[in-house]
1. Would you please list the contacts, defined by Cβ atoms under 6 Å and residues six or more apart or on different chains, that run from a residue in the stretch 70-82 that is closer than 17 Å to Asp4 by Cβ to a residue that is open to solvent by 30 Å² or more (accessible area, probe 1.4 Å) and in a helix (DSSP H, G or I)?
2. Quick one: would you say Val112 is in contact (Cβ under 8 Å) with a residue 40 or more places away in the chain, over 15 Å from the mean Cα position of the chain (by Cα) and more than 27 Å from Pro34 (Cα to Cα)?
3. Starting from residues that are among the polar types (S, T, N, Q) and in a loop (DSSP other than H, G, I, E, B), keep the ones in the stretch 1-36 and report whichever is surrounded by the most Cβ atoms within 10 Å (Cβ to Cβ).
4. Spot the failing condition for Glu40; the list is (1) part of a helix (DSSP H, G or I); (2) touching a Pro at 6+ places or on another chain (Cβ under 9 Å); (3) open to solvent by 20 Å² or more (accessible area, probe 1.4 Å), and only one is missed.
5. In the stretch 54-74, what residues are surrounded by 13 or more Cβ atoms within 10 Å (Cβ to Cβ) and part of a loop (DSSP other than H, G, I, E, B)?
6. How many residues does the stretch 3-50 hold that are in contact with a Leu (Cβ under 6 Å, 6 or more places away or on another chain) and among the aliphatic types (A, V, I, L, M)?
7. Tell me the strands (runs of 3 or more DSSP E) entirely within the stretch 75-146 that contain at least 1 residues that are open to solvent by 30 Å² or more (accessible area, probe 1.4 Å), among the β-branched types (Val, Ile, Thr) and at pLDDT 90 or above.
8. Does Thr49 satisfy the condition of being assigned to a loop (DSSP other than H, G, I, E, B), hydroxyl-bearing (Ser, Thr, Tyr) and open to solvent by 50 Å² or more (accessible area, probe 1.4 Å)?
Amino acid sequence: MMNDMDSLIATITEATNRYLDGLSTAQSSKALLPFGGDEERRRWYYTPTPRPGLALRELTPKQHQDVMRMLAASLSEAGYNYTSAVIGLERLVDYTSDFPERTYGDLEGTRVRDPGNYCVAVFGSPGDDEWSWRIGGHHLSLHVTVR
């Protein structure tokens with residue numbers, strides 16, 4: 001018999017596996033990181049800084065929707081709405097910053113204020129005893145760990 005926590009874990013695991021199953025081999029090599037060796041998994045920052053993982057700008061619309069499913073499975077409705085708003089506000093920050101002409105880190109062909117700069121990483125294998133996923137970008141550093 002499943003309790004509420006088991007059901008939540010199953011939902012998050014299913015959403016994360018759906019996302020991973022939809023990635024190409026090249027995308028998976030960016031998105032999947034080891035769970036052990038906590039250094040990268042425990043790193044967080046909210047500044048517009050390139051980070052390991054697969055950037056939203058590298059996803060197809062369907063893959064992007066799968067990331068949003070992961071967020072919806074992992075957060076309350078209010079948390080999902082807030083997270084979506086923070087990502088979407090990049091366009092407003094771009095405007096209020098007078099559309100700065102600089103790249104995102106040293107990544108050619110990018111711009112600093114872009115909702116596509118948020119990166120998703122999965123640590124370990126969803127369904128194992130311990131694994132996690134994160135999404136991070138400007139003013140957002142969300143980590144979900146299942147143990």
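1. Ala72/Tyr80; Ala73/Thr11
2. Against the criterion (in contact (Cβ under 8 Å) with a residue 40 or more places away in the chain, over 15 Å from the mean Cα position of the chain (by Cα) and more than 27 Å from Pro34 (Cα to Cα)), Val112 qualifies.
3. Residue satisfying both the conditions and the ranking: Ser24.
4. Only one criterion is unmet by Glu40, namely (1).
5. The answer is Leu59, and nothing else.
6. The qualifying residues number 1.
7. Here the list reads 140-146.
8. Yes; evaluated as a whole, the condition is true for this residue.
The values are calculated or read from the model by the stated rules, or taken from the named source; none is laboratory data. Note that this is a predicted model, so its numbers are computed, not measured. Backbone-built Cβ (ideal geometry, glycine too); neighbour counts: all protein chains shown. Calculation scope for accessible area: heavy atoms of the full protein, side chains included, ligands and nucleic acids excluded. Shrake-Rupley method; radii C 1.70, N 1.55, O 1.52, S 1.80 Å.
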